[in-house]
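To keep things clear, I will list the structure first and then write my remarks on it.
The values are calculated or read from the model by the stated rules, or taken from the named source; none is laboratory data. Computed from a predicted model, the values in this text were never measured in an experiment. Cβ sites come from the backbone with ideal geometry, for glycine too, and all protein chains shown count toward neighbours.
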Amino acid sequence: ADSGIYTGFIDDGGTDVPVFSLSFSGTTLGEYTFTLLEALDHADGLDNNELTFDLPVYAVDSDGDDSL
């Protein structure tokens, strides 16, 4: 299987800026790697804070079955 690397971008004045990448294992089912490339916006303050977000994944196999 081809793992592929998918990149999330923001538009900064007409320039695509990579923010994160997501790659899926070509050998281990369900294994993936998320790499944060730039800081994400979060609440102001000096204390530690937590940022959560959903990253939905839609997959289609070689005979057309999908994950939805």
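A few remarks follow.
- In this structure, Asp16 does not qualify as part of a loop (DSSP other than H, G, I, E, B) and either loosely packed, with under 10 Cβ neighbours inside 10 Å or at pLDDT 90 or above (or both).
- Residues that are among the β-branched types (Val, Ile, Thr), within 27 Å of Asp63 (Cα to Cα) and under 16 Å from the mean Cα position of the chain (by Cα) within segment 1-53 comprise Ile5, Thr7, Thr33, listed in sequence order.
- Residue that is among the polar types (S, T, N, Q) and closer than 13 Å to Tyr6 by Cα, where the choices are Ser62, Ser25: Ser25
- When we screen Glu31, Glu38 for residues that are among the charged types (D, E, K, R), touching a residue at least 12 places away in the same chain (Cβ under 8 Å) and at negative phi, the only hit is Glu38.
- Of residues in segment 29-68 being among the β-branched types (Val, Ile, Thr) and in contact with a strand residue (DSSP E or B) (Cβ under 6 Å, 6 or more places away or on another chain), the one farthest from Asp16 (Cα to Cα): Val60
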